[in-house]
Amino acid sequence: MTRTLCLLTLLSLPALADATVGKPAPDFTLKDLDGKEVKLASFKGKTVVLEWFNPECPFVKNSHTRGSLVDTAKRAQQKGVVWLAINSGAPGKQGAGADKNREAVKTFALPHPVLLDESGVIGKAYGATNTPNMYVIDGKGTLVYRGAIDNSPDGEGQSPQGGKLVNHVEVALEDLAAGRAVKLSETRPYGCGVKYAN
């Protein structure tokens, strides 16, 4: 897809807008690894976590095998949170394609779907720059957190800034569950760059 065509596609989708904390999260429809359509709007009334994903990114591997993403989605889902991983990698790029992602679902024992955004339109609408890049959306559809999974940019949880490991997504979810405003609503994501087509 050419840059012009990508831009025209983005412009022709009025529901998409830049993801800004405190504003409605851009709606989207993407297919999961079985080809089933998943629409963000269908989860209205529920808290949703979006995780930008690349199974071959070392930071994603670290986070899912020994870092802050181990069982975080599972714990959140047990509390009624919807968790969706999104891979915006273009065909032929690192970690892209249904087969690699199916293997990762098994390897990391992911309890949630991985959605493919091969055009990158949704990733760019959200301003996703890294894998992992995390977003939390409240039950009203408002984006309340965007940024890193935690404060340990090695992905392993071994070098937390400030000395104590903080899982930013879990803290945001705790704030929402308690009816509080999310205290820390934006952090700088770390990890591999999203493997967009261009």
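Checking each residue in the range 30-58 for being farther than 14 Å from residue 116 by Cα and either of a type in the set (Val, Ile, Thr) or not in a loop (DSSP other than H, G, I, E, B) (or both) picks out 41, 42, 43, 47, 48, 49, 58.
Evaluating residue 193 against the criteria (1) surrounded by 18 or more Cβ atoms within 10 Å (Cβ to Cβ); (2) over 26 Å from residue 46 (Cβ atoms) leaves one unmet condition, (1).
Within the bounds of the range 123-137, is there any residue that is under 21 Å from residue 31 (Cβ atoms), charged (D, E, K, R) and modelled with pLDDT of 95 or more? Yes, the conditions are met somewhere in the range 123-137. Does residue 91 count as closer than 19 Å to residue 126 by Cα, surrounded by fewer than 16 Cβ atoms within 10 Å (Cβ to Cβ), of a type outside the set (Phe, Trp, Tyr) and at pLDDT 95 or above? It is false that residue 91 is closer than 19 Å to residue 126 by Cα, surrounded by fewer than 16 Cβ atoms within 10 Å (Cβ to Cβ), of a type outside the set (Phe, Trp, Tyr) and at pLDDT 95 or above. Taking the range 116-136 as the region of interest, how many residues are of a type in the set (Val, Ile, Thr) and either under 11 Å from residue 146 (Cα atoms) or surrounded by fewer than 24 Cβ atoms within 10 Å (Cβ to Cβ) (or both)? Going through the range 116-136 one residue at a time, the tally reaches 3. Just one of the listed residues (98, 104, 73) is under 19 Å from residue 177 (Cβ atoms) and surrounded by 15 or more Cβ atoms within 10 Å (Cβ to Cβ), and it is 73. Checking each residue in the range 143-188 for being buried (at least 18 other Cβ atoms within 10 Å of the Cβ), more than 20 Å from residue 66 (Cα to Cα) and of a type in the set (D, E, K, R) picks out 146, 175. When the range 81-104 is filtered for residues that are over 15 Å from the mean Cα position of the chain (by Cα) and closer than 16 Å to residue 65 by Cα, the ones remaining, listed by number, are 103, 104.
Just one of (1) under 18 Å from residue 50 (Cβ atoms); (2) in contact with a Lys or Arg (Cβ under 9 Å, 6 or more places away or on another chain) fails for residue 94. It is (1). Taken together, the residues in the range 105-141 that are among the polar types (S, T, N, Q) and within 15 Å of the chain's Cα centre (by Cα) amount to 4. Looking across the range 59-75, the residues that are outside any loop (DSSP other than H, G, I, E, B) and within 14 Å of the chain's Cα centre (by Cα) come down to 59, 60, 63, 64, 72, 73.
The values are calculated or read from the model by the stated rules, or taken from the named source; none is laboratory data. Predicted model, so just to flag it, every value in this text is computed and none were measured. Methodologically, a virtual Cβ is constructed for each residue, glycine included, from the backbone with ideal geometry; neighbour enumeration extends over all protein chains shown.
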